[in-house]
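**Q** Below is a structure I'd like to ask you about.
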Amino acid sequence: MSRFKLENIGRTAARHPWRTMGSWLLLVVVAVVLNATLLGDALTATGNFTDEPESLQAAKLVEEIHGPEQVSEMVIVRSEKMTVDHPGFAAYVEQLAANFASLGPDVVDGVMTFAQTNDPSLVSADRHATLIPVILAGDADQALANVDPLIEMARGADGKGGYQVLIAGGASIGEDFMKIAEQDALTGETIGVGVALLILVAVFGALVAAAVPVILAAISVIVALGGTALIGQKWDLAFTVTNVITMMGLAVGIDYSLFILSRFREERLRGLEKYDAIARAQGTAGRAVLFSGMTVMVAMTGLFFMPSTVFRSLSVGSVLVVGVAILAALSLLPALLGLLGDRINAVQPAALFRRLLRRGSRSSAVQETQPGFGLAAAERHSFWDKVTHAVMARPVISLLVAVIPLALAASFYFDLNPGTSGASTLPESAPTKAAFDMLDRDFSFGQMAPVEVVIDGDPTAPQTAAAIKRLQESLAADDAFAVAGELEVASRGDLGLLSLGLLMDPNSEQAENAVRRLRAEHVAEAFAGTEVPVLVGGATALNVDFFATVNTYTPYIFAFVLGLSFVLLMMVFRSLVVPVKAILMNLLSVGAAYGMLVLVFQKGIGADLLGFQQTPRIEAWLPIFLFSILFGLSMDYHVLLLSRIRERYDECGNNTEAVAFGLRSTAGLITGAAVIMVAVFGGFAAGDLVMFQQMGFGLAVAVLLDATIVRSVLVPASMKLLGSANWWLPRPLGWLPDLRVEAQDKQLQPAYVRERQPS
């Protein structure tokens, strides 16, 4: 996209504001309708693969034996006074089971009790509690949609007649996760928007200017959710996509508008006419937004190639909301500026307070229109000039001072233990948490999610039957598994199934190691010398295959993101050195964020102080997700800062002055943008689900490191050491498209050469 065309888009939108705003209003209305009618059906609480790992192949064969997979709920009935052998206890359980069955075939497909089956696994060791397994009708999504009557009936019985009645299972736990995720999103939105408004008022000093970025971010979220509702009709999308869209939409939507709006105000201060100021802001800050946003989208596109609906959902949601935020910043924002003009600075609640701090009429005028947290421009420039020149005076020492602590933090990445949280990390307030704890204590929750060993051959054949017997004998000596059930044989006689209960949480590391051991040792040794395929499936095996998939595809995603980002940055800055430095710095800040995650969540350092739940594992999807998000987001500040440095370098040819100018002219803006992002991410980290605590904390830490240590120390120190070599592009690469962000349109240059300094 040429510079003229991008600036022309801004001019056109500004000169026809009602037409542009009307188009966006129509888009928002359509999105609201889509969200109301389709979004619920587009989301699922279950993750799946888009390829066929061993666990998925096993699941398909199990369906040939049992039919389509169904979700079970476990109702626990406990009496402190009576045991299950007491006639009154038994009668109460049978009546409760009959009540569940009366919900009808649309809700319940089957109910079992100890009296009916005489299955000892349905009774606790102290015989004061029993399980009532309830098989729900339909698949996982249908079970989640229809489980409410069962949950209400079970919880309504709790406490009556002296019996404790609790319920937990795939559908009820999934429902709790979805409800808490919605509450966490609301918490994140409230905290993020509230803090963002305060920061924006501090940056702009005007309520109108502060409100515009928040409004545009909200529009981006609404429209992106509408797009998600449409895409979800074709592809299954995880329910967490709504949290990601809200979080990313608020963060980038506010920042993108902040960058362009600040540049517009700056150009108006320097004397440009309204439409010229809009065009120049579009051609400079707007261009930075376009290419930094493209970097985020490129990074998140890489996740789409991971064969998992979880990663596909994260990719779709992020790309959609960032794309909409870019479009809003480059079209809707110019329309609003064309309509409002200098009225964007209206309603200044702190004007009286700022007047008391002013030292002169001219500095007051500058302060009135320049961002900077209420500091006079001269004071702000003096501070960042001192910081920049101090760093560049001793660049090697400055680099070491910055790199060593970041590298030390990043070193803890090697202790990162990936896994999945599961029901054990639900907050105590979750209704199913008490049921899960009791199941795990008295019955072993692992028996709810058995490991399934599928023999893809005639299990009655002598060689196969002997192998099955060896497997059963081998498993009997492994204390990770309950005694295997009877061998089930498909009606057609060419499939066999052994279901193994786990004596531990199926989401635990011990359970995953047990499945790996089952595949690599028990099955391999028992069926050695046979040609019968044996597949291991079940929920834990699905987790194991998911982790293996992440490990397999992560290097390719790293290469994809780094490679395309390198090419894009090389074309934007016409330099081979700048993208190399940007990649190294971003990897360092991402690595430090990984290390902080390990220190806080795995090792528990500061977890209680921050209100986080200490966990033995980091969500397996999180490292690659954080890498993709953070690598893109860090480019926001990098592109904005380097574009101003390059702009001044092209004017004066002095590397030191150009770096100092770039830092001081973007200091307040980047600081404000970073604080907003940290507030948004921190708001989501304040939620109850540990997965969002980890995600929000990791994002907030990395953005904070990038906007402080990287921006204030690493960038100026490295640019001082390299000098003019920063902008070196080998002659053979001169054919690359010129996508530079910095302004070159001399027709829009106001009548000044040097930056205006207040008296």
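Derivation of every value follows stated rules applied to the coordinates shown; laboratory data play no part. Quick caveat: nothing in here was measured; it's all calculated off a predicted structure. Every residue, glycine among them, receives a Cβ derived from its backbone with ideal geometry; neighbour counts consider all protein chains shown.
**Q** Name the residue farthest towards the positive end of the dipole of the chain from the options Gly192, Gly604, Ala31, assuming +1 on Cβ of Lys and Arg, -1 on Cβ of Asp and Glu, about the Cα centre.
**A** In the chain, that residue is Gly192.
**Q** Further, regarding this structure: ³J(HN,Hα) across the range 582-597 via Karplus (A = 6.51, B = -1.76, C = 1.60, θ = phi - 60°), whole Hz, x for Gly/Pro?
**A** Values per residue, Gly and Pro as x: 4, 5, 5, 5, 5, 4, 5, 5, 5, x, 5, 5, 4, x, 5, 4 Hz.
**Q** Extension gain Ile65-Ala407, at 0.36 nm per residue separation less the Cα-Cα distance, in nm?
**A** So the chain would gain 117.8 nm between Ile65 and Ala407.
**Q** Using the beta-carbon distance between Val532 and Asp479 and R0 = 25 Å, what value does 1/(1 + (r/R0)^6) give for FRET efficiency, to the nearest 0.05?
**A** Once rounded, the FRET efficiency stands at 0.40.
**Q** Here are some pairs, Lys60/Lys179; Lys5/Lys274; Lys60/Lys469; Lys274/Lys581; Lys5/Lys581; which of them have Cα atoms lying more than 26 Å apart in this structure?
**A** Lys60/Lys179; Lys274/Lys581; Lys5/Lys581
**Q** Further, regarding this structure: Rounded to the nearest 20 debye, what is the charge dipole size of the chain about its Cα centre when +1 sits on each Lys and Arg Cβ and -1 on each Asp and Glu Cβ?
**A** Its charge dipole is roughly 5720 debye.
**Q** From the phi angles alone, apply the Karplus equation (6.51, -1.76, 1.60; θ = phi - 60°) to the range 82-91 and give each ³J(HN,Hα) in whole Hz, x where the residue is Gly or Pro.
**A** Each residue's phi maps through the Karplus curve to give 10, 9, 5, 7, 6, x, x, 4, 4, 5 Hz.
**Q** May I pose another question? [x] 102, 70, 53; [y] 93, 56, 45; [z] 91, 79, 39: which one is Cα extents along the principal axes in Å as calculated from this entry?
**A** Given [x] 102, 70, 53; [y] 93, 56, 45; [z] 91, 79, 39, the structure-derived one carries the label [y].
**Q** With a cut-off of 8 Å between alpha carbons and a minimum separation of six or more residues, what is the relative contact order of the chain in percent?
**A** About 20 percent, as a whole number.
**Q** In addition: I'd like to compare 609-618, 130-139: which one has the highest average count of other Cβ atoms within 10 Å, and what's the full order after that?
**A** Result, highest mean Cβ count within 10 Å first: 130-139, 609-618.
**Q** Can I ask one more? Put a dot 7 Å past each Cα toward the Cβ at Thr552 and Leu198; how far apart are the dots in nm?
**A** In this crude label model, Leu198 to Thr552 measures out at 4.8 nm.
**Q** Continuing with this model, one more query. Taking the Cα-to-Cβ direction at His389 and at Val28 and moving 7 Å from each Cα, how far apart do the two end points lie in nm?
**A** The answer from the label model is 4.8 nm.
**Q** On a full-extension model of 0.36 nm per residue, what is the gain between Ser429 and Ala115, subtracting their alpha-carbon distance, rounded to one decimal in nm?
**A** Here the segment from Ser429 to Ala115 would lengthen by 109.8 nm.
**Q** Just to be sure I understand the model, the point goes 7 Å from the Cα along the line to the Cβ. What's the resulting Ala211 to Leu733 distance in nm?
**A** Placing both labels 7 Å along Cα→Cβ, they lie 4.7 nm apart.
**Q** Sort 202-209, 258-265 by packing, meaning the average of other beta carbons within 10 Å per residue, with the highest value first.
**A** Descending packing order for the listed peptides: 258-265, 202-209.
**Q** Using helices alone, what [θ] at 222 nm do you get for the chain, with -39,500 (n - 2.57) per DSSP H run of 4 or more residues, divided over all residues and rounded to the nearest 500?
**A** So the helix-based figure for the chain works out to -20000 deg cm²/dmol.
**Q** Under the rule of at least 5 residues apart or a separate chain, name every residue whose amide H is placed under 5 Å from the amide H of Leu237.
**A** Here Thr44 satisfy the definition.
**Q** Listed highest first by mean packing, meaning other Cβ atoms within 10 Å per residue, what order do 646-658, 171-183 come in?
**A** Result, highest mean first: 171-183, 646-658.
**Q** Classify the range 447-522 as rounded, prolate or oblate from the Cα gyration tensor: take a ≥ b ≥ c as the square roots of its eigenvalues, call it rounded if a/c is under 1.5, otherwise prolate when a/b beats b/c and oblate if not.
**A** prolate
**Q** Continuing with the same structure: Which of the lysines could be linked to Lys160 by a straight reach, that is with a Cα gap under 19 Å, when you skip same-chain ones fewer than 8 residues away?
**A** Cross-link targets: Lys81.
**Q** Oh, and also: Can you classify the range 251-331 as rounded, prolate or oblate using the Cα gyration tensor, where a ≥ b ≥ c are the square roots of its eigenvalues, rounded means a/c under 1.5, and otherwise it's prolate if a/b beats b/c and oblate if not?
**A** In terms of gyration-tensor shape, prolate.
**Q** Calculate, for Ile397 and Arg11, the FRET efficiency according to 1/(1 + (r/R0)^6) with r their C-beta to C-beta distance and R0 45 Å; round to the nearest 0.05.
**A** Calculated value: 0.40.
**Q** Taking K and R as +1 and D and E as -1, what net charge do the other residues with C-beta under 9 Å from the C-beta of Val134 add up to?
**A** Net charge in that neighbourhood comes out at -2.
**Q** Residue separation times 0.36 nm, minus the C-alpha to C-alpha distance between Glu80 and Ala520: what's the value?
**A** 154.0 nm
**Q** Which of the lysines could be linked to Lys603 by a straight reach, that is with a Cα gap under 27 Å, when you skip same-chain ones fewer than 8 residues away?
**A** Lys433
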